[in-house]
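Nothing in this text is a laboratory measurement; each read-out follows from the coordinates by a stated rule. The structure presented is a predicted model; accordingly, all values stated were derived computationally and were not measured. In this analysis, Cβ positions are derived from the backbone assuming ideal geometry, glycine residues included, and neighbour counts consider all displayed protein chains.
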Amino acid sequence: MKFLVIGTMPTEAGNRLVRQGKLASNIQAILESIKPEAVYFAERNGKRTVFMIVEMTDASQIPSIAEPMFLGFDGEVEFHPVMLPSDLAKAGPGIEAAAKKFGS
């Protein structure tokens, strides 16, 4: 299953890494560990943030994804299951059944 993983870096931790000249190497090491399918960097709520698409087959994989960000930059991490268009198409019958049962 694909997950959108959002890692947010506290400003103080990010600034410390920048001053030490370690921000880029720290991020590179984390990405090599996690091996995401796609990675995007942006600001979120005023903090340095990474957005990654990660394939997970088991919940036991969560620590191997979260811990590098927790330990590498005191990060906060969120996991959100996501669907491809083909996944949404397969969900159609379930959506229709819910609409019939619970729709107004």
Quiz item: Can you give the net charge of the other residues whose Cβ lies under 14 Å from the Cβ of LEU23, counting K and R as +1 and D and E as -1?
Solution: +3
Quiz prompt | Cβ charges +1 (Lys, Arg) and -1 (Asp, Glu), total dipole of the chain, debye | solution = 220 debye
Quiz item: So how do LYS101, LYS35 line up by other beta-carbon neighbours within 10 Å, fewest first?
Solution: LYS101, LYS35
Quiz item: Based on DSSP H runs of at least 4 residues, each adding -39500 (n - 2.57), what is the mean residue ellipticity at 222 nm of the chain after dividing by all its residues, to the nearest 500 deg cm²/dmol?
Solution: -16000 deg cm²/dmol
Quiz item: Using θ = phi - 60° and the Karplus form 6.51 cos²θ - 1.76 cosθ + 1.60, what ³J(HN,Hα) does each residue of the stretch 28-35 get, whole Hz, x for Gly and Pro?
Solution: 4, 5, 5, 5, 5, 6, 7, 6
Practice problem: Please work out the Cα center distance from the stretch 32-90 to the stretch 1-30, rounded to the nearest Å. | Solution: 13 Å
Self-check item: ASP87, ASP74 arranged by Cβ crowding within 10 Å, fewest neighbours leading
Solution: ASP87, ASP74
Exercise. Report, please, the projected area of the stretch 5-104 averaged over directions, based on the convex hull of its C-alpha atoms, in nm².
Key: 8.6 nm²
Quiz item: For ILE34, what is the net charge nearby, where nearby means another residue's Cβ is under 11 Å from its Cβ and Lys, Arg count +1, Asp, Glu -1?
Solution: -3
Self-check item: FRET efficiency for ARG19 and LEU71, using Cβ-Cβ distance with R0 set to 22 Å, rounded to 0.05
Solution: 0.70
Quiz prompt | Mean Cα-pair separation over length for the stretch 2-102, i.e. relative contact order, pairs under 8 Å, 6 or more apart, % | solution = 41 percent
Quiz item: Near the amide H of ARG48, under 5 Å away, which other amide H atoms are found, from residues 5 or more places off or on another chain, if H is placed in the peptide plane?
Solution: MET9
